[in-house]
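Before any comments, here is the structure.
The values are calculated or read from the model by the stated rules, or taken from the named source; none is laboratory data. All values reported here derive from a predicted model rather than from experimental measurement. Cβ placement follows ideal geometry from the backbone for every residue including glycine, while neighbour counts extend to all protein chains displayed. Surface areas here come from the heavy atoms of the whole protein model, side chains and all, with no ligands, DNA or RNA. Shrake-Rupley method; radii C 1.70, N 1.55, O 1.52, S 1.80 Å.
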Amino acid sequence: LFRSMGYPMLPSTAPLAPIVCRTGSEPRQAKDALRRTVAAREYFETINFSFVEERWERELAGVTNPIQLLNPIAAPLSVMRTSLIGSLVQVLRHNQARRATRVRVFELGRVFLPDAAQADGPLEVAGLRQPLRLAALAYGHAWDDQWGASPRQVDFHDLKGDLESLLAPAAIRMEAARHPALHPGRSARVLLEGRDIGWIGELHPRWQQKYEITEAPVIFEVDLAAIAVTGLPEYVKVSKFPPVYRDVALIFDETTSHQVILEAVQAEKPRTVVEFAVFDIYRGAGVENGKKSLAFRMLVQDTLKTMTDAEVD
């Protein structure tokens, strides 16, 4: 009709759409901001298929009945992943085969978990949860070769520090636990405000040997929804009065964890104890079997006055 009458006959009324400035919640970190934070700690982002080899799910996630694909693009990529660990291990193998001696990679992506309680929706599939997770892997030397420091292999504490900086100022705690992909004595569950949000640890020696990896990498995987909201920093008055440092060494049972000690101190310490941290551990002559000596350093300082020796004691 309009072709016969001419396009100028079309009404020229402009569409109306309200423009609303939407501001995000300040404590909530956007996905891109999280990516930049992880990348700033020398990790390279990887993007991998959501469908993986079935043996990865069985061996690295402990899933015996993963979600099968009806028409996989390749025979090995036949199931949907429930963990990002398999994808990162495969990236490490690919880089190691090309003689990479230091690898630090991460992925922010979805996993696919059967859940009968999940309802259908515009972006959801009934019976299937699709949460976002963040996972990172570090392999090789903790830092690039340099003249000022001797090389050493990356370890659990390096990755723990990266994860803590990512979630700051929120405080996380580690609880020793077993995971199918991780070393039974060097793995932990990550807890945030008492909630289980993920895992951290060293790759299990069995899988290190099977996947032909020369040195054990360290891996963490956490739920993105749990870490996206971190709390805001709070102002703390800076004291004008001199600090006092005191060191103390105490004997504990070998099975007593550092975390338990710090939590007990945190619950009881007065406000003048600003810092309390372990700086040395000793086992040997003078300490009986089954025991360990932990040395702690305390920073004691008041914001209102100079403390006397008696008050510090």
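Residues of segment 282-301 being free of Cβ contacts under 8 Å to residues at least 40 places away in the same chain and touching a Ser or Thr at 6+ places or on another chain (Cβ under 7 Å), which ones? Correct list: TYR282, VAL287.
Based on what the data block shows, is GLY109 within 27 Å of the chain's Cα centre (by Cα) and either outside any strand (DSSP E or B) or surrounded by fewer than 13 Cβ atoms within 10 Å (Cβ to Cβ) (or both)? So GLY109 does not fit the description; no. Restricting attention to segment 182-206, the residues that are open to solvent by less than 20 Å² (accessible area, probe 1.4 Å), closer than 21 Å to GLU57 by Cβ and not β-branched (Val, Ile, Thr) total 5. Taking the listed residues PRO72, PRO18, the one that is closer than 25 Å to GLU107 by Cβ and in a loop (DSSP other than H, G, I, E, B) is PRO72, with no other qualifying. When we screen THR82, THR23, THR13 for residues that are without any contact (Cβ under 8 Å) to a residue 40 or more places away in the chain, open to solvent by less than 40 Å² (accessible area, probe 1.4 Å), part of a loop (DSSP other than H, G, I, E, B) and of a type in the set (S, T, N, Q), the only hit is THR82. Annotation note: Cβ proximity below 6 Å between a residue of segment 207-220 that is without any contact (Cβ under 8 Å) to a residue 24 or more places away in the chain and farther than 22 Å from GLY161 by Cβ and a residue that is hydrophobic (A, V, I, L, M, F, W, C) and surrounded by fewer than 23 Cβ atoms within 10 Å (Cβ to Cβ) (sequence gap 6+ or interchain) occurs for GLN208/ALA216. For segment 266-307, the tally of residues that are touching a Lys or Arg at 6+ places or on another chain (Cβ under 7 Å), closer than 20 Å to VAL238 by Cβ and assigned to a loop (DSSP other than H, G, I, E, B) stands at 1. Whether any residue in segment 215-226 is of a type outside the set (A, V, I, L, M, F, W, C) and over 30 Å from GLU26 (Cα atoms) is what I want to check. Yes, there is a match, as at least one residue in segment 215-226 is of a type outside the set (A, V, I, L, M, F, W, C) and over 30 Å from GLU26 (Cα atoms). Taking residues in segment 222-251 that are farther than 25 Å from SER165 by Cα and surrounded by 10 or more Cβ atoms within 10 Å (Cβ to Cβ), and partners anywhere that are basic (Lys, Arg) and at pLDDT 90 or above, the pairs with Cβ atoms closer than 7 Å and at least 6 places apart or on different chains are PHE241/LYS305; TYR245/ARG297; ASP247/ARG297; ILE251/LYS291. Listed by first and then second residue, the pairs with beta-carbon distance under 6 Å, at least 6 apart or on different chains, first residue in segment 160-176 and in contact (Cβ under 8 Å) with a residue 24 or more places away in the chain, second open to solvent by 30 Å² or more (accessible area, probe 1.4 Å) and outside any strand (DSSP E or B), are ASP162/ARG41; LEU166/THR37; PRO169/GLY231; PRO169/PRO233; ALA170/GLY231; ARG173/GLN259. Residues in segment 27-42 that are modelled with pLDDT under 90 and in a loop (DSSP other than H, G, I, E, B) were compared, and the one that is surrounded by the fewest Cβ atoms within 10 Å (Cβ to Cβ) is ALA30.
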